């Protein structure tokens with residue numbers, strides 16, 4: 001697949017990753033962003049685990065939203081936690097795919 005990228009984007013990427021070819025540089029930037037997002041989701045998960053002293057799975061299984069009276073805080077925590085769980089899974093899958101592709105590319109050029 002061929003993608004056209006404007007000089008407006010290539011210039012700062014080249015400056016951020018001066019020793020890399022442009023494809024590798026973009027790959028590093030994407031990987032860094034995926035890791036940043038993964039960390040954010042993991043931080044949310046950890047904060048809610050600490051707050052409720054249980055995993056999300058246990059929180060759902062015990063039906064705590066209902067037991068705690070459907071308060072705004074508990075419902076909001078539930079949705080934030082569910083989004084964090086999905087985000088962790090998605091970011092990990094995307095990182096694995098990206099790293100596998102990078103590894104294949106590196107072995108092809110070696």
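The values are calculated or read from the model by the stated rules, or taken from the named source; none is laboratory data. Predicted model, so just to flag it, every value in this text is computed and none were measured. Cβ sites come from the backbone with ideal geometry, for glycine too, and all protein chains shown count toward neighbours.
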Count of the range 60-102 residues which are over 19 Å from residue 33 (Cβ atoms) and over 13 Å from the mean Cα position of the chain (by Cα): 23
Selected residue (only one of 58, 25 is assigned to a helix (DSSP H, G or I), surrounded by fewer than 15 Cβ atoms within 10 Å (Cβ to Cβ) and in contact with a helix residue (DSSP H, G or I) (Cβ under 9 Å, 6 or more places away or on another chain)): 58
Residue within the range 38-48 that is loosely packed, with under 14 Cβ neighbours inside 10 Å, under 20 Å from residue 27 (Cα atoms) and either touching a strand residue (DSSP E or B) at 6+ places or on another chain (Cβ under 9 Å) or in contact (Cβ under 8 Å) with a residue 60 or more places away in the chain (or both) present: no
Filtered residue count, the range 10-22, keeping only those that are more than 30 Å from residue 84 (Cα to Cα) and either in a helix (DSSP H, G or I) or at pLDDT below 85 (or both): 6
